[in-house]
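See structure below.
The values are calculated or read from the model by the stated rules, or taken from the named source; none is laboratory data. In this text, all values refer to a predicted model and were calculated from it rather than measured experimentally. Positions of Cβ are generated from backbone atoms using ideal geometry, with glycine treated the same way; all protein chains shown enter the neighbour counts.
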Amino acid sequence: MLALAIGERTWYVIFVIWVLGVLSAICDKDSSLLDNFKEKYEGISITDDLYYLLDEAVFQIGAVAIATPAATHYNLAKECLLDGKHVFVEKPLALAGGEGRDLIEIAEKNHLTLWWETRPSRRVGCAYAAFNSYLKEIERNVWHAKKSIRSLGQKK
């Protein structure tokens, strides 16, 4: 499982994903931040182009963590879900209730895990626990999907 962090808004999300050993790339529009990330996270791909990172021919990313300004959450999460990625969104999921419901429907329709913070977690320990739980949820969903597929051909 590889994860991608979009944005620097909350440095602890990127740090926690790195500590968990699943950070493969960081994407942000701010080139000065990207230069800083290059120094801190050697061996991690750094870019300002989300579509480049979502390109399966370039990266095999299964999950995306979004830590950007709240006004961007809906569009970024929707783009990633439609591209078949599991998504973790920093609080809030979206600014409008209809947008949040739309993301949940897209995730359910595509059998993807959509997770978002339900309370502020400005501490590294809280973020670690939240993202670690998110990764376990993805693993459970994949296990249940594989079990369902195997059982399709079995007689009852």
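Conditions (1) at pLDDT below 90; (2) farther than 21 Å from Ile17 by Cβ; (3) touching a strand residue (DSSP E or B) at 6+ places or on another chain (Cβ under 6 Å), marked per residue:
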residue	(1), (2), (3)
Asp83	no, no, no
Gly98	no, yes, no
Lys109	no, yes, no
Thr118	yes, no, no
Gly125	yes, no, no
What are the residues in the range 25-74 that are closer than 15 Å to Val87 by Cβ, out of contact with any Lys or Arg (no Cβ under 8 Å at 6 or more places or on another chain) and modelled with pLDDT under 85, if any? Leu53
